[in-house]
Amino acid sequence: MSDGDKAISPSDAIFARGYAAAIKPLLGVTGAVGQNQLILTSPPTQRGIAAGSDVDSKYTNYQIYKMADALQDAETPVLGGSDVGSYIDQLENYVAWIHLPDAYASETNKKWLKNAEAEFASVAKASRALEKEARKDYKDDGSTMSFEQWASINYEEVGVARRKTQIAETDLQQAQQAVNGALASKLQAFRKRFDNAKNQRDGVPGYNMKAMPQREATGGTTYVPEYSIDTYPQAVEHWYNITKGTTPESVKRDQIVKIQIDQGQKTSWKDLGFKDVRGGGRVGFWPFLYADVKSRHTVERRELNTEGQESNIDVKLAMVGVLKFDVKPGLWDAADIKTLFPDLRPGHPEDVLGPKFARVTSVLVGYDVQLTVNFGAKLAEEVGKIYDEVKENGGGLTIFGIRVSVEAGGRSKENDEYRFDGIKWDKTKGSLTLTPSTGQLTPTFLGAVAQRFH
């Protein structure tokens, strides 16, 4: 079982739902969630999008695109918890399978269309199977490159299969035009939007945007489908200026998110928009607290058993700032495509724009997020033992998704995570505090609202 499918324990689920209930009003959702809305959470160590005057806007654009275009698994309650493909690719795929009436077409053109549909169905099915296998290898590889970049180097068969599919789709489009006339022209207009968005060489205002996949300009520039998050760069710049030149201890963190355990106990996954939940996600928080302790040539796992003890744990996030931002696709979007063209041809992928997927519509971002966890006496004793064992033998401790070294000078890993300067254990109070490094150009994703397709 992969991390993305790993079942979340009943105890951890209480913390997960409590966290979701705490950030829900900050995401602008009061009362019941909207139809097909999902409330997603994110570990306070998951990087947001770098922005501000010290960051090239093209790099910010790429990070916005990478986050916004990634579809979410509608059974995984964690933002980014499962890689299930691209929104614009799903739109293209749906359009490719739309069924149009052919009552007034000639028999010759009908036959052409029938053959073109069969050929497209065959090559598209083979391409999907190949790409599914490639995405599995990509996930196992743990590459920091986008899937497209990785596949062009490591799985060239994906590109070959896509080109075959494109040739078959072109023939299908021509047959549709001959048979369906005006309706086929409408579909072609949608395809033109997607082509404009995916034009990597030339800018098409409103459809694509200039982007830089790597922080340094040496990585080159390209164009990607346009997504926007209004006022986001200005907000990050403001937060950065507040903390610039300060020490972690002197920063004023007066924005508080407190997890209420009773809310986690009485809130159901259904209350958060989920029909079913399979796991905690690839970037999940769980277990709530565990440690990897060095032992000669091996590493041993220690886990805090919180079952039945949830009410003896107090979790608080304090930060410099927290804001919700709406995520908007460019002019290429076709959000109403299923209403306009509800019928698909036999053999279509069952999950295309289906309820297994959801698209992020807004994100909750925090800056300079500090985590404080207070434990009741019994649990505090267990935590102290785990902490002392790691400190004595070496290793790392993870709590609520934040992993740091307990050793002197220990920090969280850079990679795709927000950096923390270390961990403070107050034995007398039974309190663990993790304080972030100051002056970071990247805030933290705390959660999101996603819209499930129906």
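Does region 411-426 include one or more residues that are assigned to a strand (DSSP E or B), of a type in the set (G, A, S) and at pLDDT 80 or above? No: zero hits.
In region 428-453, of all residues being assigned to a loop (DSSP other than H, G, I, E, B) and in contact with a helix residue (DSSP H, G or I) (Cβ under 7 Å, 6 or more places away or on another chain), the one that is surrounded by the most Cβ atoms within 10 Å (Cβ to Cβ) corresponds to P443.
Each residue in region 136-161 was checked for being modelled with pLDDT of 90 or more and open to solvent by 80 Å² or more (accessible area, probe 1.4 Å), and 4 pass.
Among the residues making up region 29-52, a single one is hydroxyl-bearing (S, T, Y) and open to solvent by 50 Å² or more (accessible area, probe 1.4 Å): T30. The strands (runs of 3 or more DSSP E) found entirely in region 258-358 that carry 2 or more residues being of a type outside the set (S, T, N, Q) and buried (at least 16 other Cβ atoms within 10 Å of the Cβ) are 289-295, 313-319, 321-326.
Being open to solvent by 70 Å² or more (accessible area, probe 1.4 Å) and in contact with a helix residue (DSSP H, G or I) (Cβ under 8 Å, 6 or more places away or on another chain) is the filter here, so list the residues in region 187-198 that pass it. Q188, K198 - these are the residues of region 187-198 that are open to solvent by 70 Å² or more (accessible area, probe 1.4 Å) and in contact with a helix residue (DSSP H, G or I) (Cβ under 8 Å, 6 or more places away or on another chain). So V365 clears everything in (1) open to solvent by 40 Å² or more (accessible area, probe 1.4 Å); (2) at pLDDT 95 or above except one condition, right? Which one? Here V365 clears every test but (1).
Output the number of the condition that P213 fails; it satisfies all remaining conditions of (1) surrounded by fewer than 19 Cβ atoms within 10 Å (Cβ to Cβ); (2) assigned to a loop (DSSP other than H, G, I, E, B). Answer for P213: the failing condition is (1).
Would you point out which residue out of Q188, Q166, Q149 is free of Cβ contacts under 8 Å to residues at least 12 places away in the same chain and closer than 24 Å to Q200 by Cβ? Of the residues listed, the single one that is free of Cβ contacts under 8 Å to residues at least 12 places away in the same chain and closer than 24 Å to Q200 by Cβ is Q166. For residues that are of a type in the set (K, R) and not in a helix (DSSP H, G or I), scanning just region 1-58, find the one that is modelled with the highest pLDDT. So, considering only residues that are of a type in the set (K, R) and not in a helix (DSSP H, G or I), the one modelled with the highest pLDDT is K24. In region 241-257 there is at least one residue matching the filter, namely being of a type in the set (V, I, T), open to solvent by 10 Å² or more (accessible area, probe 1.4 Å), in a helix (DSSP H, G or I) and within 28 Å of D54 (Cβ to Cβ).
Contact annotation: residue pairs with Cβ atoms under 9 Å, 6 or more positions apart or on different chains, pairing a residue in region 26-39 that is under 14 Å from W269 (Cβ atoms) with a partner that is in a helix (DSSP H, G or I) and open to solvent by 50 Å² or more (accessible area, probe 1.4 Å), are A32/D271; V33/D271; I39/D271. Looking across T144, T170, T165, one residue alone is among the polar types (S, T, N, Q), closer than 20 Å to K66 by Cβ and out of contact with any Gly (no Cβ under 9 Å at 6 or more places or on another chain). It is T144. For region 359-405, the set of residues classified as assigned to a helix (DSSP H, G or I) and either closer than 21 Å to P77 by Cα or acidic (D, E) (or both) consists of E381, E382, D388, E389, E392, listed by residue number. If you go through region 387-404 and keep only what is surrounded by fewer than 20 Cβ atoms within 10 Å (Cβ to Cβ) and over 24 Å from E249 (Cα atoms), you end up with E389, E392, N393, G394. None of V84, V55, V78 is touching a residue at least 40 places away in the same chain (Cβ under 8 Å), within 16 Å of the chain's Cα centre (by Cα), surrounded by fewer than 21 Cβ atoms within 10 Å (Cβ to Cβ) and more than 30 Å from L183 (Cα to Cα) except V84. Look at K111 and say whether it is in a helix (DSSP H, G or I), open to solvent by 40 Å² or more (accessible area, probe 1.4 Å), at pLDDT 85 or above and within 21 Å of T444 (Cβ to Cβ). Considered against the rule, which asks whether it is in a helix (DSSP H, G or I), open to solvent by 40 Å² or more (accessible area, probe 1.4 Å), at pLDDT 85 or above and within 21 Å of T444 (Cβ to Cβ), K111 comes out as no.
The values are calculated or read from the model by the stated rules, or taken from the named source; none is laboratory data. Every value quoted in this text rests on a predicted model; they were computed, and no experiment measured them. Cβ coordinates were reconstructed from backbone atoms using ideal geometry, including for glycine residues, and neighbour counts include every protein chain displayed. What goes into the accessible areas is simple: the full protein's heavy atoms, side chains included, and nothing from ligands, DNA or RNA. Shrake-Rupley method; radii C 1.70, N 1.55, O 1.52, S 1.80 Å.
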